[in-house]
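Following: one structure in structure tokens, then a few remarks.
Bear in mind these aren't lab numbers, they're just calculated from the coordinates by the rules spelled out. Quick caveat: nothing in here was measured; it's all calculated off a predicted structure. Using ideal geometry, Cβ is built from the backbone for each residue, glycine included, and neighbour counts are taken over all protein chains shown.
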Amino acid sequence: MLHQIAALWAKYSYVFLQGLGGTMWYSLISVAFAVFFGTILAVMRLSRFKPFEWLVDGYLWIIRGTPILLQLYFFWLGVPKLLNLQIPEDVCIITALIVNASAYVCEVIRAGIQAVDYGQTEAAKSLGLSDFNAMTRIILPQAIKNILPALGNEFIVMVKQTSLASVFFLPELMTAQKTVQSATFLPLPAMIIAGLIYLFVTTVLTFGLQFFERMLHKSERSVA
Amino acid sequence: MNGASPNPQRVLIRVENLSKNFGKLQVLRDITESIHEGEVVSIIGPSGSGKSTFLRCLNLLERPSSGRVIFEDVDLSGRHVNVDKHRQKIGMVFQLFNVFPHLTVKQNITLAPTLEKKLPKDEADRRAEELLTRVGLSDKRDEYPGRLSGGQKQRLAIVRALAMEPDVILFDEPTSALDPEMVGEVLDVIKDLAETGMTIVIVTHEMGFAREVSDRVLFMDEGRIAEQGSPDDIFKNAQNPRTIEFLSKVL
Ligand SMILES: Nc1ncnc2c1ncn2[C@@H]1O[C@H](COP(=O)(O)OP(=O)(O)OP(=O)(O)O)[C@@H](O)[C@H]1O
Ligand SMILES: [Mg+2]
């Protein structure tokens, strides 16, 4: 078995690595857009404007209450039908990943904002700062310390979750693994290699994140 | 204040029939009161009597349930009023300081004037320096508040409010969270401020201070101003049994 794995790796490493590249790319772009939209959603949710609140709650309700695979199918098949448009498959899938991740990132950011002492908002308001300035200059810069580690976790979740894109044969690690399987009829070694790559990446990211968190706490001790 | 001497005839804040409920709990009951320019008004009273809530209604940090808060002839509680704009002229200092931990001492002071009054940065810096010197913090200008003592944080909070050149400053128990040895340094700053003619409304448990610096003392009880008068009226000659009872406990 070890021998088979080594042989497979020697011959197909570039397929796996390309797949990994796809996985990282999908994860990065999804999380990046999700941070953008998630922040807007979180701020909308925390505004005292009821229609915004209902809108965001409805969105969270749907996204968190349905399986992500269904959401991917919806964007892959349903949305192009509804809009009567030809949309590239990877755009559909990435959009679905963003829409899904935005919901979770929204919650992460909302929790981060709410963890900032309310006295900070009151002090900002008492100085006459507008809501926008209070949020961008006082609250978010402090919330970011709570938010960044949680976003790192979200990214690690995303690295694993993009494997669902293999259902639609988008070029990422799971798809690469399938490709090698069908080319070689060696399912187990291919799976093991893919598994080891995922483990390697998530482990490195987890350690990196822990290191980063320690740095944040250190700077916090000397500052706050 | 802009250097002009205060006109004690001028009403700066007028509160009319102010009531405030939190759910079923009525915290303020139909309060009508005026604060005049240059006046130093202390608010005393038992815990839970509504002192903080009253103070926070003055700059609309709490929205009145009914009644009006009129600041410089503008009804702040009215619709379509840009409260943020008017809050720039109503400073506030909190019990727990609420300094901004992610900004340096100097940035704490310059942030609001540069953002909201479009004061040029060098002008804002110059004024921050002046204010810091005034309260003995100029050597801390580039520190983060995490490195300051409680008394220093509160002095910073006071000059942060002053940097907006407010027409009145509201203090909510500014020394209650301080270690005893730091109370004096903060009270001294407030005293100096009172002497410059700044209009001050202060909720305090420091009876000696209230007696010494106030022009007028309001005693609050169960959501009302139960008694008021000069420091002598209240501390030597109180009429209301509730005032007498309260003072006998704290003095
Ligand atoms: N945001 C709020 N929601 C619900 N109840 C509140 C709120 N703020 C204050 N209260 C209640 O209103 C009453 C008056 O509170 P307030 O803080 O004005 O009293 P206080 O006179 O300042 O008391 P203390 O001397 O303890 O500071 C209290 O019973 C308090 O529990
Ligand atoms: Mg209080």
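Computed values, structure above
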item	result
Most mobile of A:L209, A:L196, A:L72 in a GNM of chain A (Cα contacts under 10 Å)	A:L196
Dipole in debye (nearest 20) - segment A:39-129, about Cα centre, beta carbon charges: Lys, Arg +1; Asp, Glu -1	220 debye
Loop-located chymotrypsin sites (Phe, Trp or Tyr not before Pro) in segment A:48-89, at most 13 other Cβ atoms within 10 Å (DSSP)	A:F49
Cα long-axis angle, helix A:187-223 against chain A (0 to 90 degrees, to the nearest 10)	20 degrees
Ratio of Rg to Rh over segment B:190-251 (Cα coordinates, Kirkwood Rh, two decimals)	0.97
A:T136/B:K249 FRET efficiency (R0 45 Å; Cβ-Cβ; nearest 0.05)	0.45
Inter-label distance for B:H80 and A:F52, nm, one decimal - labels placed 7 Å from Cα along Cα-to-Cβ	2.2 nm
Most fluctuating residue given options B:G67, B:G223, B:G23, as computed from a GNM of chain B linking Cα atoms under 10 Å	B:G23
Using alpha-carbon coordinates, inclination of helix B:150-162 to the longest axis of chain B, degrees	90 degrees
Rounded FRET efficiency, nearest 0.05, which uses the C-beta distance separating B:N21 from A:I68 and R0 of 51 Å	0.65
Kirkwood estimate for segment B:1-157, i.e. one over the average of 1/r between Cα atoms, Å	17.7 Å
The protein assembly as shown - charge dipole about Cα centre, Lys and Arg +1 at Cβ, Asp and Glu -1, debye rounded to 20	1480 debye
Length-normalised contact order of chain A in % [C-alpha pairs under 8 Å, at least 6 apart]	31 percent
Positive-end residue, chain B charge dipole about Cα centroid, Cβ charges, pick of B:S214, B:I225, B:G23	B:G23
Rounded to whole Hz, the Karplus (6.51, -1.76, 1.60) HN-Hα couplings of segment B:25-34, x for glycine and proline	7, 8, 9, 10, 10, 6, 8, 10, 6, 10
Dimensionless Rg ratio for the protein assembly as shown, taking C-alpha atoms and the 2.2 N^0.38 Å reference	1.31
Leading residue at positive end of dipole, segment A:2-223 (Cβ point charges), from A:F169, A:Y104, A:L77	A:Y104
Computed [θ] at 222 nm, deg cm²/dmol, chain B (DSSP H ≥ 4; -39,500 (n - 2.57); rounded to nearest 500)	-11000 deg cm²/dmol
10 Å Cβ neighbours from other chains, averaged over peptide A:114-123	4
Segment A:2-223 shape via C-alpha gyration tensor axes, a/c threshold 1.5	oblate
Assigned charges on the beta-carbon of Lys, Arg, Asp, Glu; chain A dipole about Cα centre (debye)	160 debye
Residues with amide H under 5 Å from that of B:A226, placed H, sequence gap 5 or more	B:F219, B:M220, B:D221
FRET efficiency, B:K236 to B:R63 (Cβ-Cβ, R0 51 Å, nearest 0.05)	0.85
Segment A:49-157 shape via C-alpha gyration tensor axes, a/c threshold 1.5	prolate
Label zone at A:D90, where the point sits 7 Å out along the Cα-to-Cβ direction: segment A:138-171 residues whose backbone N lies under 16 Å	A:162-171
Built amide H within the under 5 Å cut-off of B:E62, gap 5+	B:C57
Trypsin sites (Lys or Arg not before Pro) lying in DSSP loop within segment B:112-162, provided at most 14 other Cβ fall within 10 Å	B:K117, B:K118
HN-Hα J in Hz across segment A:56-71 - Karplus 6.51, -1.76, 1.60, θ = phi - 60°, x for Gly and Pro	5, 4, x, 4, 4, 4, 5, 5, 7, x, 10, x, 5, 5, 5, 5
Inter-chain shielding of B:90-98 (mean C-beta neighbours from other protein chains, 10 Å cut-off)	4
Gaussian network model of chain A, Cα within-10 Å springs - most flexible of A:F16, A:F211, A:F155	A:F211
